[in-house]
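Values in this text are rule-based calculations from the coordinates and carry no lab data. Fair warning: this is a prediction, and the values are worked out from it, not measured in the lab. When we count neighbours, we look across all protein chains shown, and the Cβ atoms used for this are built from the backbone with ideal geometry, even at glycine.
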Amino acid sequence: PEAVLVESSSPEGYAVAEHNGVLVALDTALTPELRAEGQARELVRSIQDARKAAGLAISDRIAVTVAGADAALAETLAVWGAYLRTETLANSLEQGQPAAGAHVATLDLDGQALTLGISKDD
């Protein structure tokens, strides 16, 4: 045993960790579905940050507009729209320019410049 050195390495596309004789491999490939879910989660975080910056209470219902979405992000908004509205207490989530008087925030989402409009929606 002293003359043999055993090392583990991860195959392409996997992250591998070993501890106490247990080896775990995680597939790190990003599918379009995983990328869309990540974008949706990042949008939730950004909307919540914009809500805070606008001085709105966490329990306030809001209206959200997203400007600058390409076709792929527009599909993400359609597929994940219910999740986004539920997580952010948004009565509406629409694509387009922010309404007059809305709090405006910009963000970079996977290299895409977006403008968020957040306003209280009674």
In whole Hz, the Karplus estimates of ³J(HN,Hα) for the range 27-34 (6.51, -1.76, 1.60; θ = phi - 60°; x where Gly or Pro) are 6, 9, 5, 9, 8, x, 5, 5
Please go through the range 36-122 and write out the trypsin sites (Lys or Arg not before Pro) that DSSP classes as loop and that have at most 15 other C-beta atoms within 10 Å.
Arg61
Could you point to the label whose value was computed as Rg/Rh (Cα atoms, Kirkwood Rh) for the structure here, given (1) 0.99; (2) 1.28; (3) 1.23?
(3)
The long-range amide H neighbours of Asp121, using H built 1.01 Å from N in the peptide plane and a cut-off of under 5 Å, are Arg61, Ile62, Ala63
Can you compute the helix-only [θ] at 222 nm over the chain? Use -39500 (n - 2.57) per DSSP H run of at least 4 residues, normalise by all residues, nearest 500 deg cm²/dmol.
-11500 deg cm²/dmol
What is the extension gain from Ala71 to Tyr14, computed as 0.36 nm multiplied by their sequence separation minus the C-alpha to C-alpha distance, in nm to one decimal?
17.5 nm
Helix 71-88 sits at what angle to the longest principal axis of the chain, using alpha carbons and giving 0 to 90 degrees rounded to 10?
80 degrees
